Each structure stands twice: as structure tokens, then as C-alpha cells.
1. Could you line up 103, 18 from fewest to most neighbouring Cβ atoms inside 10 Å?
2. Most exposed first by the Cβ proxy, i.e. fewest other Cβ within 10 Å, how do 93, 118, 40 rank?
Amino acid sequence: MPRIRYYAAAAAAAGVREEHVALGDIADGGGTLGALLRHVGDAHAAPVLESSVLRSAAPRGPAASLSGPGGSGTAPGRGTAPGRAGAPRLDRVISRSSFLVNEVNERDAGRPLAEDDVVDVLPPFAGG
């Protein structure tokens, strides 16, 4: 299962710093970076996460040490994540983010993913 690590505002929007998603559970071309990102954005927009999204019990690695609570300028009820007061929706954060796959910058949403890949979601930091 690919591991997804969220940083800053992405961690705040997701409510977790890290999670694993089985590629077989992703509809709409489940083996690509774009399909994975759509899946997690949709899953975190729903009031209750689907059982296919497994939350990590204990964050490890860079995501655990570098992720902060993040912030957003959105008012509750206007693009905020359910259950996370003041946090932006994950799909909105993803739309402005950069991505690393196995620590290499990736811009191609059609990039195929393998079960052991690590995807980092990096929202803009410090205004950039």
C-alpha cells in the first residue's frame, strides 16, 4: 500500500500526518498519482472515512517531525474540513500542493504507483 505523508496545512486538513491506501481500493485509474490524490481528497471530504483508508497509529519519519498543525485563512463552513475546525478541505490543499514520490518531485498525475511508494503532499509554505 502506498504511504501518503502530509505536511503542514495538508496534515491539518487530513487530520493525520500519514496514512496508507491500497491501490486496489481506488476507483478511477487507481494505479496513478492523480487517482490516489483524488481518492484521499474525496475520502477526507466525507464526514466518515471509508474503511479502505487506514490511519497510521503512530506517525514516523520526516512527516512526524516536520508536520505542524498548519493553518488556514478559511472561515468555518467555507471550504473547511468536517470535524477539524478551521482546517481547509484536503482536496483544496491538494490542488495547490507539490508532490514527491519516493523523495523525487513529481508533476505527472498519470505517473503509475507501486504498492511500496511513498507520496509526500507539500502545500505551499510561508506564502510560496
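1. On the way: 103 8, 18 23.
The order, fewest Cβ neighbours first, is 103, 18.
2. On the way: 93 28, 118 17, 40 23.
Going from sparsest to densest Cβ surroundings: 118, 40, 93.
Just so you know, all these numbers are worked out from the coordinates, no wet-lab data involved. Bear in mind that the values here come from a model prediction, so they are computed numbers and not experimental data. All Cβ positions, glycine included, derive from the backbone under ideal geometry; neighbour counts span all protein chains shown.
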